[in-house]
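Visitor: Here you go, one structure.
The values are calculated or read from the model by the stated rules, or taken from the named source; none is laboratory data. The model shown is predicted, which means the values in this text are computed figures rather than measured ones. Note that we place each Cβ from the backbone using ideal geometry, even for glycine, and neighbour counts take in every protein chain shown. Just the protein is used for accessible areas: all its heavy atoms, side chains included, with ligands, DNA and RNA removed. Shrake-Rupley method; radii C 1.70, N 1.55, O 1.52, S 1.80 Å.
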Amino acid sequence: MRTKSWQEILGKRKAAAQSVKQVKNFNQFLPVMKGRCFSIVFLLGLHTVLLERFHVFVPDDPIIVTVGDDVVLDCQLVPAVSLDKLEVRWFTSDSAFPVHLFTGGQDRPDVQDKVYQGRTELFKDEFPRGNASLKLKKIKASDEGSYTCFIDSGTYRDEAVMNLKVEGFGHRPWVHLEENNKEGLRVVCKSDGWYPEPEIWWEDGNGQVLTTQSETEFIKDSRGLIAVQSHIDITSDSVNKFSCFMQSRVLSKKQEAHLQISDEFFPKVNVVNAWLVIFWVVAGLVITAAAVDLMVHRKEDKKIKELQLFCTLEGYNEVEIDCVSVILDVETANLWLEVSEDLKSVKRAQTKRNFPDTEKRFTAWSCVLGSEGFTSGRHYWEVEVVRNRCWSLGVAAESVNRKDRVIWSPENGFWSIGRAGNLFNINTFSRSHLPFRQIPGKVGIFLSYESGTVSFYDADTKSHLHTFTGNKFSEKLYPFFQTWDENKGVKICSET
């Protein structure tokens with residue numbers, strides 16, 4: 001066995017001493033390393049928390065929207081954190097249920113306020129850019145108020161409140177005359193579709209404000225919109241021109257209507273002269289056929305004079321009216337309708353008629369059109385509906401849907417009024433009602449194509465029922481008739 005030299009022993013001792021020195025140096029450095037690691041971990045955590053902080057921003061000014069329109073309630077996260085895994089909640093202070101809730105990566109319509117169900121939508125494709133805006137559809141008057149956009153990440157949350165103002169800009173007012181309980185007449189101004197209540201004022205022909213003499217009533221309909229009716233009582237010594245103004249309180253836009261009253265509304269009748277006229281008329285009828293002819297022409301002149309009064313109420317000064325002799329188009333009649341041989345009346349048949357169906361024929365509703373259509377001019381005709389409990393009258397566009405059950409409204413090409421049992425209706429999407437006591441026995445229908453108006457009158461009392469205004473007719477219009485009464489039909493008056 002070889003004996004180790006002292007040089008080998010010395011080398012091993014030096015190596016051992018060097019190892020011990022390295023261990024001592026590491027033990028001295030270990031606390032420093034521990035402190036630095038803790039600082040790095042703390043800074044990383046703080047950085048993560050700071051990244052999760054955000055702010056929610058919405059517009060400072062109120063958003064104004066019209067009833068029936070859609071609106072976007074803007075809401076933006078800054079910085080633009082992705083919303084896919086966050087909670088997005090829209091709510092109002094008036095309800096315990098959210099307007100819209102997105103959580104857990106999906107919408108929650110099951111907890112949504114029923115008032116907003118089916119009317120809200122988030123922009124999911126904008127979520128990566130922090131866009132939490134809400135689309136609110138088919139605005140109602142009741143939607144007005146404050147809306148809160150609330151965002152929650154689980155560790156941090158923020159919210160912002162914005163205001164929504166709803167505006168309903170009403171229809172152009174129409175003015176007509178009524179009798180009052182005193183001596184004289186009443187000028188009545190009506191309009192609907194307003195929200196909130198509009199400002200209303202009157203002026204006479206000299207520009208004098210008459211508002212203090214008026215009485216105004218506001219009525220809220222089923223949609224929350226406001227119908228306005230205002231009137232002024234006048235006498236024979238009043239001025240003969242009146243203007244009615246209605247202005248939106250939100251948009252400061254206004255609608256107006258004017259009425260020029262003829263002196264014939266305040267006639268000064270000489271009773272003696274009236275009896276003399278009657279005597280000579282009767283004598284003329286007995287003596288000669290010429291007097292009979294004169295009587296007929298006077299009757300026609302009287303009818304034209306009445307129509308001119310109607311048109312004065314509609315705002316026309318010079319009037320040329322075509323008193324049309326309407327006849328029915330059998331090819332358009334529903335198979336459950338029976339048209340008379342002279343094509344002047346129609347009623348419900350006892351059995352379904354065995355005629356071929358054509359493109360012109362109404363199949364879903366018991367309707368029929370006149371044979372002659374109009375593309376210009378002013379036209380008038382009268383229809384008897386006495387004792388009929390289910391009817392509609394007016395005009396219809398040539399392109400109306402004749403095969404499906406559509407709503408008879410101007411939007412669908414129908415301008416009509418009608419009776420259904422004890423209800424007297426203006427046929428629109430909202431279907432507003434007229435007073436039952438106003439149901440006429442004979443209806444006068446006046447179409448002014450260029451002016452875009454269709455008016456209805458009680459031909460017996462010479463009173464105005466309703467006018468559709470503001471239309472822009474572009475296709476042929478036909479007289480429109482509907483009846484479903486088994487006992488009584490409708491009859492076009494030949495003397496018109």
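Visitor: Give the accessible surface of the stretch 74-165 per residue, rounded to a whole number of Å², with probe radius 1.4 Å and ligands, DNA and RNA excluded.
Guide: Here the per-residue accessible area is 51 Å².
Visitor: While we're on this one: Can you list the HN-Hα couplings for the stretch 125-133, worked out from phi with the Karplus curve (6.51, -1.76, 1.60; θ = phi - 60°), rounded to whole Hz and with x for Gly and Pro?
Guide: So the Karplus estimates, Gly and Pro as x, are 5, 9, 4, x, 9, x, 8, 9, 5 Hz.
Visitor: Same structure again: As an exercise, use a Förster radius of 60 Å and the Cβ-Cβ distance of ASP74 and TRP336 to find the FRET efficiency, rounded to the nearest 0.05.
Guide: With R0 = 60 Å, the Cβ-Cβ based efficiency is 0.65.
Visitor: Within the stretch 346-393, what whole-number % of the accessible surface is contributed by carbon and sulfur, with the 1.4 Å probe and all protein chains included in the calculation?
Guide: Ligands and nucleic acids excluded, carbon and sulfur reach 48 percent.
Visitor: Give me log10 I(q)/I(0) at q = 0.11, 0.13 Å⁻¹ for the stretch 362-452, Debye formula, one equal scatterer per alpha-carbon, no solvent.
Guide: -0.32, -0.46
Visitor: Compactness ratio of the stretch 117-157: Cα Rg over 2.2 N^0.38 Å, N = residue count?
Guide: 1.41
Visitor: Here's something else I'd like to know. Under 5 Å between amide H atoms, partner at least 5 residues away or on a different chain: which partners does ASP158 have, H built in plane at 1.01 Å?
Guide: Amide H neighbours of ASP158, under 5 Å, 5+ apart: ILE151.
Visitor: Averaged across orientations, what area in nm² does the convex hull of the alpha carbons in the stretch 50-178 project?
Guide: Result: 10.0 nm².
Visitor: What's the local net charge at THR216, with K and R +1, D and E -1, over the other residues with C-beta under 12 Å away?
Guide: Result for the local shell: -3.
Visitor: Largest first and in whole Å, give the semi-axes of the stretch 415-470's equivalent ellipsoid, each being the square root of 5 times a Cα gyration tensor eigenvalue.
Guide: Computed over the stretch 415-470, the values are 19, 15, 8 Å.
Visitor: Counting pairwise Cα distances across the stretch 136-196, what percent come out greater than 13 angstrom?
Guide: 76 percent
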